[in-house]
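Comments concern the structure below.
The values are calculated or read from the model by the stated rules, or taken from the named source; none is laboratory data. These numbers come from a predicted model, not from an experiment. Cβ coordinates were reconstructed from backbone atoms using ideal geometry, including for glycine residues, and neighbour counts include every protein chain displayed.
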């Protein structure tokens with residue numbers, strides 16, 4: 001398809017490079033994805049302008065590549081470039097802007113910049129509450145991310161409140177044995193354990209193991225983590 005694209009059709013060429021970059025990103029071929037995305041970036045910057053809205057998507061994908069490579073600084077740089085373009089184009093869907101705030105929050109979270117991460121997570125949540133249906137999965141993601149910050153800050157009560165909201169949405173929107181439900185039940189069990197509410201914690205820990213048994217092979221690291229949590233809480237109940 002690229003060979004049939006006229007060399008002077010810069011917009012189409014940039015778009016095609018961007019699409020190829022997206023495809024290789026989905027295939028987790030990060031290096032090949034980056035090659036195409038950087039080619040798209042060069043065309044946009046030299047011929048179409050640094051504020052082209054399509055460039056925001058290219059920057060976002062580059063951010064994800066660096067996030068997967070655990071190169072937090074480059075990931076943050078590209079997500080911030082994405083946000084800069086999006087904020088200058090109010091016609092862009094606000095749910096997309098929310099996703100960018102969430103990506104920035106995740107990157108800062110990995111860097112242990114908890115307060116800055118929380119600011120961006122809350123920005124994402126506020127936009128999602130305005131732009132999305134009440135039980136959209138992205139809202140569950142926001143609540144879970146915020147719960148993660150408060151857990152690290154040892155504000156377990158606030159974390160629990162956020163996670164309850166996330167789990168409520170996930171139960172309505174996901175299949176009953178989805179892996180995300182296993183994670184959320186585990187996190188609920190862990191928080192209740194930290195709050196010494198063992199009778200409640202064991203219910204969630206058992207559910208996490210039940211879901212995991214249907215979605216993971218025996219010996220999978222997550223399966224082991226859930227089982228160890230259940231054993232630990234059960235021992236507390238017998239103490």
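Yes/no matrix, rows are residues, columns are (1) outside the structural domain of residue 142 (by TED's automatic domain parsing); (2) within 27 Å of residue 131 (Cβ to Cβ):
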| position | (1), (2) |
| --- | --- |
| 27 | yes, no |
| 36 | yes, no |
| 53 | yes, yes |
| 64 | yes, yes |
| 69 | yes, no |
| 77 | yes, yes |
| 81 | yes, yes |
| 101 | no, yes |
Exercise for review: Please determine, by comparing only the residues of segment 12-34 that are surrounded by fewer than 18 Cβ atoms within 10 Å (Cβ to Cβ) and over 14 Å from residue 57 (Cβ atoms), which one is modelled with the lowest pLDDT.
Suggested key: 12
Exercise for review: Check segment 207-216 and report whether any residue there is closer than 29 Å to residue 113 by Cβ, surrounded by fewer than 20 Cβ atoms within 10 Å (Cβ to Cβ) and at pLDDT 95 or above.
Suggested key: no
Practice item. Might you let me know whether segment 171-180 holds any residue that is touching a residue at least 12 places away in the same chain (Cβ under 8 Å), more than 30 Å from residue 132 (Cα to Cα) and assigned to a helix (DSSP H, G or I)? Key: no
Check your understanding: Is at least one residue of segment 3-16 in a loop (DSSP other than H, G, I, E, B) and within 24 Å of residue 98 (Cβ to Cβ)?
Key -> no
